[in-house]
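**Q** Sharing a structure below in structure tokens format, with a few things to ask.
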Amino acid sequence: MSTTPTLPTPVLRPSDLTDDAPAAAPVAAAPTPAPWTGHDRGSAAYRRILLALLCAGIATFAQLYSPQGVLPILAADMGVDASRASLTVSAATLGLAASVLPWSLVADRIGRVAAMRASLVAATALGLLMPWIPWFGTLMVVRVLEGAALGGIPAIAVVYLGEEIDRRHAAIAAGTYVSGTTIGGLLGRLVAGPVADLTDWRVGTFAVALMASAAALVFFTITPPPRGFSPHPVSAGHVARAVGRHLRTPRLLVLYAQGFLLMGAFVAIYNYLGFRLEGAPYAMPSSLTSLLFIAYLSGTASSRIAGGLVARHGRRRVLLTSMAVMLAGALLTLAQPLVLVVTGLVVMTAGLFGAHAIASGWAGVQATQDRAQATSLYNLWYYVGSSVFGFVGGMFFVAGGWPGLIGMVAALIAIAGGFALLAARERE
């Protein structure tokens, strides 16, 4: 018969109860993860982010400004004058201006990338609908809604870059993003104008909406997962308090003034240059006047160059130099020879986007907290200026011709320069 073996009872020795007993091996503490500093320039994620925002800029600004390339044709078709026709641009930029703060709230709650995707879906849907609206009043309503949907990209893109890109390269990355917005604005006008000349303005703007839809699809596909921000509940009251605090900060107010005044001057020139050149003595068709928007490529280059100059010369000096370039270009358009008008347009565009690249990025740096709201406020004033002076410029144009319009533009640039000269200060 088998028996179960009995295990020996352990003997407890006195030494086991003393401090001389060997201690248990310590458990190694989990290493603390290094703080997120952003993707380095040249990395695969860095390149994907910039390409994704390039596509978002194309989708946004092509739709926003496509009617600007067909304003004379649209005015004739709708039976409205130049100033009322320009409302197709101003209505969208006003909707965009009104939406940037709500979009910043949405971005805090659901995340930056998710908010930008929602913005593009809504905007492209409205963009595909807009050309087929038969009534001018209803068209204005749709353009306001389209602008409000588009507001998610400019409201979020720069702060998203600041969270995902290494701080050392933030100015260059912001300049690259702004250069992408110039390409979008250029393509919107460049596609709409020639297509409209062959068909009508509705087909021209619809072609732009199709292009924007393709760009939005690329954004969805290649944007890397965000790492620099985690969504969190944010109340409307918090946003209101942040807005109030930013609007009481003189350094930020100076930058908001830059966007308001300079963008207003810029859009006024582009809104009414087509009317000038399609009249005597130039008598240019829409297919040719739309080619003038190639001047946007100077802004594509200058925004990146301005971002690169910051490290050597500081933001304030680069900002003031960009404004001087913008003023010189605007004054040059007063000349009669077409080659000088075009040269002035190129120079003026380069100056505006150089200044915009500096001021928009600077707004985020100046804010010590609630940066999404700080950059959204910059964009709010930027597009309010576009809406207000894009329309008011028509009154100056009707009353005083091109010299009257340029007089308004020069005054706006001079006021912006005075603010920057007296009040803009560096704070890294």
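**Q** Please calculate how many Å² of accessible area the chain carries per residue, with a 1.4 Å probe and no DNA, RNA or ligand atoms counted.
**A** On the way: 17960 Å² over 428 residues.
Accessible surface, normalised per residue, equals 42 Å².
**Q** Okay, moving on. Between the alpha-carbon centers of region 207-257 and region 60-79, tell me the distance in whole angstrom.
**A** Cα centres, region 207-257 to region 60-79: 26 Å.
**Q** Could you list which residues have their amide H under 5 Å from that of Ile165, counting only those 5 or more apart in sequence or on another chain, with H placed in the peptide plane?
**A** Here His39 satisfy the definition.
**Q** Using Cα pairs under 8 angstrom and six or more residues apart, how large is the relative contact order of the chain, in percent?
**A** Numbers: 765 pairs, mean separation 101.4, N = 428.
Result for the chain is 24 percent.
**Q** How much space per residue, in cubic angstrom, does the convex hull of the C-alpha atoms of region 296-394 take up? It would help to have the intermediate numbers written out before the result.
**A** Details: hull volume 9.9 nm³, N = 99.
For region 296-394, the hull spanned by Cα atoms encloses 100 Å³ per residue.
**Q** Counting only protein heavy atoms, what percent of the accessible surface of the chain is carbon or sulfur at a 1.4 Å probe? Working shown, then result.
**A** Values: 12430 of 17960 Å².
Using a 1.4 Å probe with all protein chains present, the chain comes out at 69 percent carbon and sulfur.
**Q** I'd like the accessible area for Tyr296: 1.4 Å probe, protein heavy atoms, all chains in place, Å² to the nearest 10.
**A** The value for Tyr296 is about 10 Å².
**Q** A further question on this structure: Using a 1.4 angstrom probe on the protein heavy atoms only, line up Arg276, Arg304 by accessible area, largest first. If you can, show how the numbers build up before the last one.
**A** Numbers: Arg276 30, Arg304 115 Å².
Descending order: Arg304, Arg276.
**Q** Heavy atoms of the protein only, probe of 1.4 Å, neighbouring chains included. What is the accessible area of Met323 in Å², nearest 10?
**A** 10 Å²
**Q** With the convex hull built on the Cα atoms of the chain, state its orientation-averaged projected area in nm². It would help to have the intermediate numbers written out before the result.
**A** On the way: hull surface 134.3 nm².
Quarter of the Cα hull surface area: 33.6 nm².
**Q** Further question: Ignoring everything but the protein chains, give the 1.4 Å probe accessible area of Arg202 in square angstrom, nearest 10.
**A** 40 Å²
**Q** Turning to a different aspect of this structure: Mind ranking Ile73, Ile358 by accessible surface for me, highest first, 1.4 Å probe? Walk me through the intermediate numbers first.
**A** Numbers: Ile73 45, Ile358 5 Å².
Accessible-area ranking of Ile73, Ile358, largest first: Ile73, Ile358.
**Q** Still on this structure: What does the charge dipole of region 277-428 about its Cα centre add up to, to the nearest 20 debye, if the Cβ of each Lys and Arg holds +1 and the Cβ of each Asp and Glu holds -1?
**A** On the way: 8 positive and 4 negative charges, 98 e Å.
Roughly 480 debye for region 277-428.
**Q** With θ set to phi - 60° and the Karplus curve 6.51 cos²θ - 1.76 cosθ + 1.60, what are the ³J(HN,Hα) couplings of region 210-226 in order, to the nearest whole Hz, using x for Gly and Pro?
**A** Going residue by residue, I get 5, 4, 4, 4, 5, 5, 4, 5, 5, 4, 4, 7, 10, 5, x, x, x Hz, with x marking Gly and Pro.
**Q** If you don't mind, there's one more thing I want to ask. Which whole-Hz ³J(HN,Hα) couplings does region 108-120 yield from phi under the Karplus relation 6.51 cos²θ - 1.76 cosθ + 1.60, θ = phi - 60°, glycine and proline marked x?
**A** 5, 7, 10, x, 5, 5, 4, 5, 5, 5, 4, 4, 5
**Q** If you plug each phi of region 329-338 into the Karplus form 6.51 cos²θ - 1.76 cosθ + 1.60 with θ = phi - 60°, what whole-Hz ³J(HN,Hα) values come out, in order, with x for Gly and Pro?
**A** Values per residue, Gly and Pro as x: x, 4, 5, 5, 5, 5, 5, 7, x, 4 Hz.
**Q** Also, I was wondering about something else. If DNA, RNA and ligands are ignored and the probe is 1.4 Å, what is the ranking of Trp402, Trp132 by accessible area, most exposed first? Provide the component values of the computation, followed by the final result.
**A** On the way: Trp402 15, Trp132 125 Å².
Reading off the accessible areas and sorting them downward yields Trp132, Trp402.
The values are calculated or read from the model by the stated rules, or taken from the named source; none is laboratory data. If you're wondering where the values come from, they're calculated on a predicted model, not measured in any experiment. Please note: Cβ atoms are built from the backbone with ideal geometry, for glycine as well, and neighbour counts cover all protein chains shown. Surface accessibility is based on the protein's heavy atoms, side chains included, excluding ligands, DNA and RNA. Shrake-Rupley method; radii C 1.70, N 1.55, O 1.52, S 1.80 Å.
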